Amino acid sequence: MDTLAEPDTTPAPTRLDRRVAALIGVLAVAAALAAGHLVAGVVGPNASPFLAVGNSAIDLTPSWLKDFAVRTFGSHDKQVLLGGMALTLLLVAIAAGLLSRASPRPGQAVAAVFGVLGIAAVANRPDLDTVAVLAPLASLVAGVLVFAWLHRAAAHRLSTSDGSDAGAGRREFLRTSSGVVAGVAITGGLGQFLAGRVDVEGSRASVGPLRPATPAPAIPASADFSALGTPGFLTENSQFYRVDTAIVVPRVRAETWTLRLHGMVGRELSFSYADIRNRPLVERTITMTCVSNEVGGPYISTANFTGVPLRDLVMAANPDPKADQLYSTSVDGWTTGTPLEAILDPERGALLAIGMNGEPLPVEHGFPARLVVPGLYGYVSATKWVTDLEVTTFGSKEFYWQERGWADKAPIKTQSRIDVPGGFAKVPAGEVVIAGIAWAQHVGIDRVEVRVDGGPWQDAELATEVNKQTWRQWKTAFTLQAGSHRAEVRATDRDGHTQTDVRVPPIPDGATGWHSALFTVE
Ligand SMILES: Nc1nc2c(c(=O)[nH]1)N[C@H]1C(S)=C(S)[C@@H](COP(=O)(O)O)O[C@H]1N2
Ligand SMILES: [Mo]
């Protein structure tokens, strides 16, 4: 540019370069998040503003959208949410920077609004103390200050760039912004370190093996057709489906865990982990199912759960006969309500579980302790990281998914799934094996029928029943010509109820309809 065209008295340009402005926005937001993350490391990992906003988003997500997310992204739904949030935040940070080329005020205002959003999100978390708002507060302050600081450094660079010392101005901005980057890395890293300092794996390891006084009967080899491609009868812990609202899995040491039992009871009780562990432990083989499971879906798994009968604990508290709900709360504030009748039914065998397939519960499946109630979908029964049990009535208290439009009572519906042939498989002509699973926990499966291309129903062979609280495998075979075919399955439970072909979605109390598999015979 021809500097001679401009008189020397021209004031320094007052608008920052676009790239610099955008960079300031991004760095300030990063500094804000890192500062909040550091404080959250001390006051509680879920207070980290990014996670708190994510958690609130999960809690506020309408059921249909949540259902869509689980259906579309499966267990990656949380990563998709966090990724979407990160992208949004990045764009907002860039926009805030670009709005602030002349003055830092607009960007600071954006940082303040975000801070307030974080404070609201944290203040509304049921699992966080009031001090937890210090984390988003730290973010707010860091965002506003760092924005101003970087802006001043960049503006200073501008005011010197036409003068004698352009290089010095650029160097100062570079120094300041590199300082912010280093600060973000150190602060965020330290926060991450502090958040992970609860040594939950160490606690799990020190629990050692759990030896049930009453082990579950051995699973007979005839209980599954896994050689044909159906699932193994017991699901390995690492393969067990996982559904929960936790972005950060709660880290609770067995040594500090307590369970309170109160409400409409004659006597309040409180248990430590040792109290539970030192009772005679029982082991039960149970199939868990998620209400969000679509027809043919994957959210069903079976394990040997070790724990104490929930009935014994509740009976020891002398429950009021007028109570009908056991309301349970996890350390992260998730709640559910289970019919007391189901908990007290000795035949159903509900557990306060501390072990899964011979190990202490994996952290993501509820360590130190969770509930498992056969025959009820997980959202009305299976509280992980459970810490509070209240004997109450359905009339007086609503739980997490009930508040979001799902049914208050949700027994598992009789269902079946084709696992072999897999969807769109190509199989050789001749005898075609069709096999899968069926379940009607707490009732039992009596019959499974399969048909191909709308032909007559054919009875499948049932595997040995392990107990009424587990899935039952089945297999059959058809002689089929080359071409594409469609197999359908329907189960009948021990109450004589045959699955309806009427398709309903998972909301509000579980999907129905026949599963079908399309495959090609070559
Ligand atoms: N604390 C807590 N417990 C929870 C949930 C949750 O979101 N938070 N989800 C429930 C649901 S919907 C199901 S299906 C089961 C799943 O248990 P799993 O992840 O061990 O398979 O846990 C239940 N327990
Ligand atoms: Mo679920």
Practice item. State which residue is farthest from residue 223 (Cα to Cα) when the search covers only the stretch 461-489 and only residues that are over 36 Å from the mean Cα position of the chain (by Cα) and of a type in the set (A, V, I, L, M, F, W, C). Key: 482
Practice item. May I ask you to verify whether residue 121 is outside the structural domain of residue 245 (by TED's automatic domain parsing), small (Gly, Ala, Ser) and more than 23 Å from residue 20 (Cα to Cα)? Key: yes
Point to revise | Unique match (being without any contact (Cβ under 8 Å) to a residue 40 or more places away in the chain and of a type in the set (A, V, I, L, M, F, W, C)) among 352, 344, 310, 261 | key: 344
Practice item. Say whether the condition of being more than 15 Å from residue 18 (Cα to Cα), touching a residue at least 40 places away in the same chain (Cβ under 8 Å) and among the hydrophobic types (A, V, I, L, M, F, W, C) is met by at least one residue in the stretch 88-106. Key: yes
Check your understanding: Looking at this structure, is residue 260 away from ligand 2 (no atom under 16 Å from the Cβ), charged (D, E, K, R), in contact with a strand residue (DSSP E or B) (Cβ under 8 Å, 6 or more places away or on another chain) and in the same structural domain as residue 311 (by TED's automatic domain parsing)?
Key -> yes
Exercise for review: Check whether at least one residue in the stretch 326-334 is more than 16 Å from ligand 1 (Cβ to nearest atom), at pLDDT 95 or above, surrounded by fewer than 24 Cβ atoms within 10 Å (Cβ to Cβ) and assigned to a strand (DSSP E or B), and report yes or no.
Suggested key: no
Review point. Does the stretch 356-365 include one or more residues that are within 16 Å of ligand 2 (Cβ to nearest atom) and either in contact (Cβ under 8 Å) with a residue 60 or more places away in the chain or touching an Asp or Glu at 6+ places or on another chain (Cβ under 8 Å) (or both)?
Key: yes
**Study point:** Answer from 230, 214, 235 - the residue that is farther than 30 Å from residue 85 by Cα and within 16 Å of ligand 2 (Cβ to nearest atom)
**Key:** 235
Check your understanding: Which one of the conditions (1) closer than 25 Å to residue 228 by Cα; (2) within 16 Å of ligand 2 (Cβ to nearest atom) does residue 435 fail to meet, given that it meets all the rest?
Key -> (2)
Check your understanding: Any residue in the stretch 387-394 that is touching a helix residue (DSSP H, G or I) at 6+ places or on another chain (Cβ under 6 Å) and either assigned by TED's automatic domain parsing to the domain that holds residue 290 or in contact (Cβ under 8 Å) with a residue 60 or more places away in the chain (or both)?
Key -> no
Review point. Of these, 255, 283, 201, which one is in a strand (DSSP E or B) and either assigned by TED's automatic domain parsing to the domain that holds residue 487 or among the acidic types (Asp, Glu) (or both)?
Key: 283
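Got at least one residue in the stretch 418-432 being of a type in the set (Phe, Trp, Tyr), assigned by TED's automatic domain parsing to the domain that holds residue 269 and in a loop (DSSP other than H, G, I, E, B)? Before you say what the answer is, go through the steps one by one.
Restricting attention to the stretch 418-432, the residues satisfying the condition of being of a type in the set (Phe, Trp, Tyr) are 424.
Filter again for assigned by TED's automatic domain parsing to the domain that holds residue 269, leaving none.
No.
The values are calculated or read from the model by the stated rules, or taken from the named source; none is laboratory data. A quick note: this is a predicted structure, and the numbers were derived from the prediction, not measured. A quick note on method: Cβ atoms are made from the backbone with ideal geometry, for glycine too, and the neighbour counts reach across all protein chains shown.
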